[in-house]
Structure formats: C-alpha cells, structure tokens
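Colleague: Would you mind keeping the following structure in view while I ask a few things?
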Amino acid sequence: MATDDLHDSELWPVPPAWLMACDQCTSLYQRMINAREAVAEAELTTSGSVDYDPFDSGLSAQLALGQHMGREHTDLLPDFDPACPRCTACQEDLERPARSEGAAIYAVTAAAEHRARHLIVPSALTVRL
C-alpha cells in the first residue's frame, strides 16, 4: 500500500522536538521504530499465516514510551482531543469519584499515557489505548 493510500488517521506523526532532547525518550522511540521496521520486514518476507509480531514488541515499545512520557513529561503532553473517544473516556474517569487512592492514581496515569500516544502513534491507534 502506498503512503498516498493511507487515511490521515493512519499516518505516523512526527515526534515533537522535545522528545529528542530526552535520552530516555530517544532510546524508547528508537526501540519503537526498530520494532515497526522488523514487523514490516516480516510482513514482506514471511507467509500470511505467521504472526509478524509474536511477542507484541511493537505494542510493548509504544506502551513503554507512552509510560515514560506520561510520568516524566506530563506538562508537555497535548490536551485531550474532543474528537477522540478514548480521550473522552479518560476525562470521564478523571471526573468520576475514585473508589480508592489506587483507582485515582490509575486514572491519572492512564490519561497521561493516552495523551502521550497522540504524539507517537497514528490517531487510528490512539482510540484503543
């Protein structure tokens, strides 16, 4: 499939400049890119019945980078996107009275990690996590 055939929601975003100023972000971002490239190569060179990413390394790399960004760079993350259903769910979770301190911390963490994903993965993937 050519890049021209992709919908805007499927295009990988250019990371913000501040991401490349953080050694940990840079390392995790490179890990994510390497995993994407390995999966793309496997798709081209193996049969259709093979799981191209059997250990979910691509998703794991995305999550690791999102977790780091959500912990260390919260103030640099974008606001919630009103067009994103997952952002709406995160906001609702934050507004709901927490049943425990752990639940409140989880809601804040999950929301930050989701907002980070808007910077590093196509919008078509942000609705899932």
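Colleague: Solvent-accessible area of L125, probe 1.4 Å, all protein chains present, reported in Å² to the nearest ten, please.
Modeller: Here the accessible area works out near 40 Å².
Colleague: Could you give the C-alpha radius of gyration of the chain expressed as a fraction of 2.2 N^0.38 Å, taking N as the number of residues it contains?
Modeller: 1.15
Colleague: Continuing with the same structure: Determine ³J(HN,Hα), in whole Hz, for all residues of region 53-63 in sequence, where each value follows from phi through the Karplus function 6.51 cos²θ - 1.76 cosθ + 1.60 and θ = phi - 60°; x replaces Gly and Pro.
Modeller: In residue order, the calculated couplings are 9, x, 9, 6, 5, x, 5, 4, 5, 4, 5 Hz.
Colleague: Roughly what would the spin-label model give for Y52 and A83, points 7 Å off Cα along C-beta, in nm?
Modeller: About 2.6 nm separates the two model spin labels.
Colleague: Using θ = phi - 60° and the Karplus curve 6.51 cos²θ - 1.76 cosθ + 1.60, what whole-Hz ³J(HN,Hα) does each residue of region 71-87 get, with Gly and Pro shown as x?
Modeller: 7, 9, 10, 3, 5, 9, 6, x, 5, 4, 8, x, 7, 9, x, 5, 4
Colleague: A further question follows. Over the chain, what is the mean sequence separation of C-alpha contacts under 8 Å (at least six apart), divided by residue count, expressed as relative contact order in percent?
Modeller: 35 percent
Colleague: Taking θ as phi - 60°, what are the ³J(HN,Hα) couplings along region 16-28 by the Karplus curve (6.51, -1.76, 1.60), each to the nearest whole Hz, with x for Gly and Pro?
Modeller: These are the phi-based 3J(HN,Hα) values: x, 4, 4, 4, 6, 7, 9, 4, 5, 4, 4, 5, 5 Hz.
Colleague: In addition: Does a label point 7 Å from the Cα of H7, set along Cα-to-beta-carbon, have any residues of region 60-98 with amide nitrogen under 12 Å, and which are they?
Modeller: Once the point is set 7 Å along Cα→Cβ of H7, nothing inside region 60-98 turns out to lie under 12 Å by backbone N.
Colleague: Also: What spacing in nm lies between the two simple spin-label points modelled at C22 and D93, each 7 Å away from Cα in the Cβ direction?
Modeller: 1.9 nm
Colleague: State the percentage of accessible surface on the chain attributable to carbon and sulfur atoms; use a 1.4 Å probe and exclude ligands, DNA and RNA.
Modeller: In the chain, the share of accessible area belonging to carbon and sulfur is 54 percent.
Colleague: Rounded to the nearest Å, what's the spacing between the alpha carbon centres of region 12-51 and region 60-112? Just the number, please.
Modeller: 22 Å
Colleague: Over region 74-129, what is the relative contact order in whole percent, taking alpha-carbon pairs under 8 Å and six or more residues apart? Write out the running numbers ahead of the final one.
Modeller: Numbers: 42 pairs, mean separation 25.8, N = 56.
Relative CO of region 74-129 lands at 46 percent.
The values are calculated or read from the model by the stated rules, or taken from the named source; none is laboratory data. Quick caveat: nothing in here was measured; it's all calculated off a predicted structure. Because the Cβ atoms are built from the backbone with ideal geometry, glycine has one as well, and the counts that use them run over all protein chains shown. Please note that ligands, DNA and RNA were not included when accessible areas were found on the heavy atoms of the full protein model with its side chains. Shrake-Rupley method; radii C 1.70, N 1.55, O 1.52, S 1.80 Å.
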